Every structure is written in C-alpha cells, then in structure tokens.
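To start, the structure itself, in structure tokens.
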Amino acid sequence: MNEKTTFKILTLGCKVNSCESAAIEKRFLENGFTKAENENPDLYIINSCSVTGTAVAKARHAASRYRRENPSGIIVLCGCFPQSYPEEAGLKFDADIVVGNSDKDKIVDYVNGFIESRLKTVKINPLTREFCKGCSVPDEDRTRAFIKIEDGCDRFCSYCIIPTARGRVRSLSCEDIREQSAACFADGHREIVLTGINLGCYGQDLGLSLYDAVKAVSESGVPRIRLSSLEPEMITDELIERLGEIPALCPHFHLSLQSGSDEILRKMNRKYTTEQYLHVVEKLREVFPECAITTDIIVGFPFESDEDFEQSVEFAEKIGFAKVHVFPYSLRKGTIAAEMPQIQPSVRTERTRFLMNVAETLEDKFLRSQRGKEGVVLIEKPQSELYSQGFTENYTPVRIMGKQIPRHSLVRVKITGAKKGYCLGTVIEEL
C-alpha cells in the first residue's frame with residue numbers, strides 16, 4: 001500500500017470502542033497507511049455505536065458529509081451498528097465496506113480488497129465466545145490509558161441492544177492485562193482505566209473476578225487504577241472489601257442506576273432493587289470513605305409515570321451522586337421495550353430537563369463538599385495558559401491557577417474553592 005494513502009477514524013460511543021479504534025489505527029499504520037493530518041483523508045473509518053438513535057444519526061451524518069467532500073474516497077462502517085442491524089447497515093448505509101464487531105481485526109484486508117475490485121464489501125459474522133485480542137489495544141491517546149478487559153453482556157435489559165451488538169461475556173487473561181498495563185506505565189501513563197461492556201462480569205468465563213484484574217494491573221506498578229461503569233448487582237460485599245485492599249484503586253465508582261423506581265427497574269429487566277443499590281453504595285462508602293459515586297439515569301422509559309419519575313429524582317438526591325448522566329429513553333428496534341407503550345416525546349424532554357437541573361445541583365453540592373480537603377491530581381494536557389487542570393483520585397476536577405505543570409504529573413493539592421463544574425486547588429507538593 002502506498003504510504004501516501006491517508007486514513008482517519010471517527011469513534012462513536014464507549015471507551016471500549018476507543019480501544020478497538022486504537023487497534024484499527026495500529027493495524028493500518030503497520031500496513032503502510034498514513035494517519036491523516038487534515039479533514040479530507042483517502043479513507044474514512046466510522047467505528048459506530050448502536051446504543052441510541054442519536055449515535056446512529058451521527059454515523060449517518062458523518063458518512064454523508066465525507067461523501068460530499070470526497071466523492072472518490074472510501075468509507076468504512078464498522079462496529080455495533082452493523083452488528084446490531086446488519087440489513088439496515090449493509091443495504092441502506094452509504095458505505096463501501098461494512099464490517100461487524102467480529103471482523104474489526106480484518107478491516108485492512110477488506111480495504112485492500114476494495115481498492116483492487118471497487119466492489120462493495122459487507123462482512124457481518126456471528127460473534128464468538130473468545131476474547132479477540134487483535135481487536136483491541138490500550139487507548140493511550142489520553143492522559144489516562146484505557147485497557148479493554150471484557151466484552152459482551154448476558155444481562156438482556158429490556159431497552160438494550162448491546163447483547164446483540166456485543167455477544168456474550170468474554171474476558172482478557174490476567175497475564176495479558178498485566179502485560180498491557182506494564183507497557184502503558186512504561187510509556188509514561190500514571191493512571192490506567194479498566195473498561196468493558198459489562199465490566200463487573202469480568203472473569204466469570206475464566207473462574208476469576210474483577211478483583212483479579214485490578215490486582216494484575218497493580219502488579220505493573222502504576223500508581224493509579226480506575227474502573228469504568230459498573231452494574232450494581234455484580235458488586236458484592238466481598239468484592240468491595242477485596243478491592244479495598246488495593247491502594248492504587250481510585251475511590252470513584254460509576255454505578256449505573258437507570259431508574260429510582262423499583263417498578264420501572266423491573267420493566268427494564270434490571271437485576272436489582274433500589275434497596276440493593278443503596279446497600280452497594282453504603283458498602284462502597286464504608287470501605288472507600290472519600291469515594292465519589294456517579295451514575296446514569298434513563299428518563300421517559302415506557303410506562304414511567306409521574307410518580308415513577310419523582311421516585312428517580314428523590315432517590316438520586318438520597319444517594320447524593322457526584323455526577324449524573326441523564327439520557328432520554330431511546331427506542332431500539334429489536335428490544336422488548338420497543339414493543340411497550342411509549343411515553344410522549346414532550347414528556348421525555350420535560351423530565352430530562354428537570355432531572356438535568358437536579359443533577360447540576362447535586363454536582364455543585366459535591367464540589368462544594370471537597371473544599372478544604374487534600375487530593376492528588378493527575379495533570380491533563382494543557383487547556384489554557386492560565387492554569388493546569390486534572391482530576392483527583394475521586395475524580396474531582398481541579399484547576400491550579402497561574403501554574404503550568406507538565407502533563408502526566410501527580411501533584412498533591414489542597415482544594416480551596418468550588419466553581420461551576422470544577423474546584424480550585426493550590427499545590428502542596430509535586431510527587
């Protein structure tokens with residue numbers, strides 16, 4: 001392949017996709033392609049998401065824009081959207097090459113074949129029960145390095161297309177986790193984030209648990225380990241206590257809630273009640289006293305009454321989340337919830353706006369609660385000449401005014417104030 005053939009990858013959706021995009025990029029570079037420096041590459045790869053209609057619309061818009069700007073260019077659509085909706089992606093999407101999640105490691109081969117034949121290629125094969133190591137490498141493009149250690153989900157929530165898009169649970173071995181972590185640490189990363197489609201299910205196919213994965217990372221010597229989103233029913237008291245034995249684990253837990261109404265949780269086919277969720281939070285706060293709890297909440301799910309919504313609001317306030325990601329329910333064809341009576345869009349919009357205001361109030365309260373405390377901030381890449389910024393162990397965003405501190409530095413700070421969306425801090429010592 002001519003090294004002047006340029007490519008660009010658009011990654012939509014979760015951090016798992018980011019790790020898989022990193023693997024796609026690595027493979028193209030190894031095969032003589034060049035990463036594009038501008039917005040007009042020869043090859044445009046859209047690594048898609050199918051969780052919401054908005055994510056699919058973004059993929060369509062990106063493909064249409066690229067086609068207008070570069071009619072002779074090659075468009076690749078890969079990932080969750082074609083795996084979830086193969087007919088729609090293969091027949092109705094403006095892409096030259098369409099690839100599901102099972103064949104992401106073969107995209108270079110399909111591109112080379114298309115260049116020779118100019119014939120549209122559609123490869124959407126069934127997912128296997130094996131973890132595809134070639135489909136993912138650590139995403140080191142950020143200050144924190146992300147490592148995908150788990151794929152798939154067996155939970156089948158009634159609103160979710162992910163089991164179709166990702167298949168059953170499968171896990172990366174602890175040996176590979178340890179090796180990837182050591183490489184990221186050697187590359188200068190001071191924090192590693194473990195990610196997966198249903199991270200709490202890590203190891204159930206290997207006779208292991210999430211603790212084993214975190215322990216493997218800690219053995220690399222990296223000073224900070226963070227976990228991405230967790231499902232509450234997978235987090236047992238024993239697991240929390242064992243995780244508490246690992247000093248490098250950051251006390252920040254993103255614990256998906258989705259609804260504060262037990263009736264709606266049941267209709268969602270979630271595997272816990274609000275009482276069980278509260279117990280997990282209380283146990284986390286017992287073992288990790290300074291921990292921050294963040295979450296996702298879906299608004300306007302089928303059957304959600306005014307009372308159900310009020311219960312969600314009240315439960316969010318009771319927990320005292322540090323941050324809440326609010327999502328209006330998105331109907332996904334092929335799910336059980338798609339056949340349920342739907343809430344009026346105007347009601348969804350109104351409830352979403354209301355809960356976002358509540359979430360903003362909760363975030364402000366959390367940030368104010370951090371004043372006077374000390375924490376260790378991992379400095380991100382510069383955003384301004386006026387300050388350095390990063391996150392503490394419990395993911396409090398902190399700005400250090402009037403100082404330019406190198407990226408990847410760890411500094412101990414005292415939090416002196418709280419603003420909209422961040423705290424202010426002064427440096428006590430550089431670590």
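The values are calculated or read from the model by the stated rules, or taken from the named source; none is laboratory data. Just so you know, these numbers come straight off a predicted model, no measurement behind them. Using ideal geometry, Cβ is built from the backbone for each residue, glycine included, and neighbour counts are taken over all protein chains shown.
Data table
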| item | result |
| --- | --- |
| Complete set of residues in the stretch 387-404 that are modelled with pLDDT of 95 or more and in a loop (DSSP other than H, G, I, E, B) | Thr392, Glu393, Asn394, Tyr395, Thr396 |
| Pairs, first on the phi > 0 side of the Ramachandran plot in the stretch 22-41, second not in a helix (DSSP H, G or I), C-beta under 9 Å, six or more apart | Gly32/Met1; Gly32/Asn2; Gly32/Glu3; Gly32/Thr5 |
| Qualifying residue in the stretch 405-414 (condition: closer than 23 Å to Arg285 by Cβ, part of a loop (DSSP other than H, G, I, E, B) and of a type in the set (Val, Ile, Thr)) | no |
| Answer from Arg285, Arg242, Arg270, Arg353 - the residue that is surrounded by 14 or more Cβ atoms within 10 Å (Cβ to Cβ), farther than 30 Å from Leu410 by Cβ and not aromatic (Phe, Trp, Tyr) | Arg270 |
| Filter result for the condition that a residue is assigned to a strand (DSSP E or B), over 28 Å from Tyr329 (Cα atoms) and of a type in the set (A, V, I, L, M), over Ile147, Ile115 | Ile147 |
| Test for Leu378: is it within 22 Å of His189 (Cβ to Cβ), in contact with a Gly (Cβ under 6 Å, 6 or more places away or on another chain), outside the structural domain of Lys323 (by TED's automatic domain parsing) and not basic (Lys, Arg) | yes |
| Check on Lys271, within 23 Å of Leu230 (Cα to Cα) and in a loop (DSSP other than H, G, I, E, B) | yes |
| Residue selected from the stretch 127-157 under the condition modelled with pLDDT of 95 or more and in contact with a Ser or Thr (Cβ under 6 Å, 6 or more places away or on another chain), by the criterion surrounded by the most Cβ atoms within 10 Å (Cβ to Cβ) | Lys148 |
| Residues within the stretch 89-137 that are of a type in the set (D, E, K, R), closer than 16 Å to Ser50 by Cβ and more than 25 Å from the chain's Cα centre (by Cα), tallied | 1 |
| Exclusive hit being assigned to a loop (DSSP other than H, G, I, E, B) and buried (at least 19 other Cβ atoms within 10 Å of the Cβ), set Phe315, Phe301 | Phe301 |
| Residues within the stretch 390-431 that are touching a Ser or Thr at 6+ places or on another chain (Cβ under 7 Å) and polar (S, T, N, Q), tallied | 3 |
| Those residues of the stretch 61-70 which are more than 17 Å from Thr11 (Cα to Cα) and either assigned by TED's automatic domain parsing to the domain that holds Arg168 or in a helix (DSSP H, G or I) (or both), in sequence order | Arg67, Arg68, Glu69 |
| Residue check for Lys8: of a type in the set (Lys, Arg), more than 22 Å from Ile162 (Cα to Cα) and surrounded by fewer than 22 Cβ atoms within 10 Å (Cβ to Cβ) | yes |
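Residues checked against (1) under 21 Å from Gly113 (Cα atoms); (2) in the same structural domain as Arg144 (by TED's automatic domain parsing); (3) part of a loop (DSSP other than H, G, I, E, B); (4) at pLDDT 95 or above:
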{"site": "Met1", "(1), (2), (3), (4)": "yes, no, yes, no"}
{"site": "Asn17", "(1), (2), (3), (4)": "no, no, no, yes"}
{"site": "Ile24", "(1), (2), (3), (4)": "yes, no, no, yes"}
{"site": "Glu39", "(1), (2), (3), (4)": "no, no, yes, no"}
{"site": "Tyr44", "(1), (2), (3), (4)": "yes, no, no, yes"}
{"site": "Ala59", "(1), (2), (3), (4)": "no, no, no, yes"}
{"site": "Ser72", "(1), (2), (3), (4)": "yes, no, yes, no"}
{"site": "Glu88", "(1), (2), (3), (4)": "no, no, no, no"}
{"site": "Asp94", "(1), (2), (3), (4)": "yes, no, yes, no"}
